[in-house]
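The values are calculated or read from the model by the stated rules, or taken from the named source; none is laboratory data. What you are looking at is a predicted structure, and each value in this text was computed from that prediction instead of being measured. Glycine gets a Cβ as well: all are built from the backbone with ideal geometry, and neighbour counts include every protein chain shown.
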Amino acid sequence: GEDVEQSLFLSVREGDSSVINCTYTDSSSTYLYWYKQEPGAGLQLLTYIFSNMDMKQDQRLTVLLNKKDKHLSLRIADTQTGDSAIYFCADLSGNTGKLIFGQGTTLQVKP
Amino acid sequence: KAGVTQTPRYLIKTRGQQVTLSCSPISGHRSVSWYQQTPGQGLQFLFEYFSETQRNKGNFPGRFSGRQFSNSRSEMNVSTLELGDSALYLCASGDGAQSRTDTQYFGPGTRLTVL
């Protein structure tokens, strides 16, 4: 079945860049998403990329997609303490229309 | 535009009871999806409604049901609650007519605790 995998934890220093990685198995993906979840809150849509694109930039966020390797990454430039949260990668399946989530990567930003 | 709203935000129930959760999508959105989030299983898709019809369903038992009204508001019901139903229930509204290209925007969730 369709699966999405992420590393569970990333720690960076304030001001550094953060790179969160994700792999997926679905060959029918239409869109891939990055969501952010802060403690006690719902999911905030950060950005998304159409499956035929290679890269998308949105202010401090850069999404890279390697469709051949089914690898997605989110780069956060100049990471701030307010970026500390759990980041979820999600695949919108073209076969089922369902959103499949990874386990989430906890980003810790140290001052 | 106002975002997705969910009520109530917190609920405490006991085993065997039933519960109804409510979700109001973003104005103009016609699809509503529900997800369950637990520490052990992560985020799992429950079901999706579009124009009052269930369009998609996840792998949950029949105790979990939902419906959508003509104004696109949706309710989710869980009957005969079990301890394992304790979770954050998230609702998402979609801006497209096709599941396969529908970007979803999430509400704050309802935290359900079953004692």
(message) Return the pair list, or none, for Cβ contacts closer than 7 Å from residues in the stretch A:29-48 that are within 14 Å of A:Ser73 (Cβ to Cβ) and free of Cβ contacts under 8 Å to residues at least 12 places away in the same chain to residues that are hydrophobic (A, V, I, L, M, F, W, C) and part of a strand (DSSP E or B), at least 6 apart or on different chains.
(response) none
(message) Take B:Asp102 and tell me if it is out of contact with any strand residue (DSSP E or B) (no Cβ under 6 Å at 6 or more places or on another chain), within 14 Å of another protein chain (Cβ to nearest Cβ) and at pLDDT below 95.
(response) no
(message) Condition check: loosely packed, with under 14 Cβ neighbours inside 10 Å, more than 10 Å from the chain's Cα centre (by Cα), within 13 Å of another protein chain (Cβ to nearest Cβ) and within 25 Å of A:Asp91 (Cβ to Cβ). Does B:Gly96 satisfy that?
(response) no
(message) I'd like the residue in the stretch A:74-89 that is of a type in the set (A, V, I, L, M, F, W, C) and in a strand (DSSP E or B) and, out of all such residues, is farthest from the other protein chains (Cβ to nearest Cβ).
(response) A:Ile76
(message) Taking the condition of being farther than 22 Å from A:Asp91 by Cα, surrounded by 13 or more Cβ atoms within 10 Å (Cβ to Cβ) and among the aliphatic types (A, V, I, L, M), how many residues in the stretch B:38-86 meet it?
(response) 3
(message) Looking at (1) within 13 Å of chain B (Cβ to nearest Cβ); (2) outside any strand (DSSP E or B); (3) crowded, with 20+ Cβ neighbours inside 10 Å, which one does A:Leu92 not meet, given that it meets all the others?
(response) (2)
(request) Kindly indicate which of A:Lys98, A:Lys110 is basic (Lys, Arg) and either within 14 Å of chain B (Cβ to nearest Cβ) or surrounded by 17 or more Cβ atoms within 10 Å (Cβ to Cβ) (or both). (result) A:Lys98
(request) Would you please name the residue that is nearest to B:Leu112 (Cα to Cα), looking only at residues in the stretch A:38-52 that are of a type in the set (A, V, I, L, M), out of contact with any Pro (no Cβ under 7 Å at 6 or more places or on another chain) and within 11 Å of chain B (Cβ to nearest Cβ)? (result) A:Leu43
(request) Among what's in the stretch B:72-93 and is among the hydrophobic types (A, V, I, L, M, F, W, C) and within 11 Å of the chain's Cα centre (by Cα), pick the residue that is nearest to A:Gly97 (Cα to Cα). (result) B:Ala92
(request) Starting from residues that are in a loop (DSSP other than H, G, I, E, B), at pLDDT 95 or above and of a type outside the set (Ser, Thr, Tyr), keep the ones in the stretch A:1-37 and report whichever is nearest to B:Pro108 (Cα to Cα). (result) A:Glu14
(request) Please go through the stretch A:20-37 and pick out each residue that is loosely packed, with under 13 Cβ neighbours inside 10 Å and more than 14 Å from chain B (Cβ to nearest Cβ). (result) none
(message) Of the residues B:Ser27, B:Ser22, B:Ser33, only one is within 11 Å of chain A (Cβ to nearest Cβ) and either assigned to a strand (DSSP E or B) or surrounded by fewer than 16 Cβ atoms within 10 Å (Cβ to Cβ) (or both); which?
(response) B:Ser33
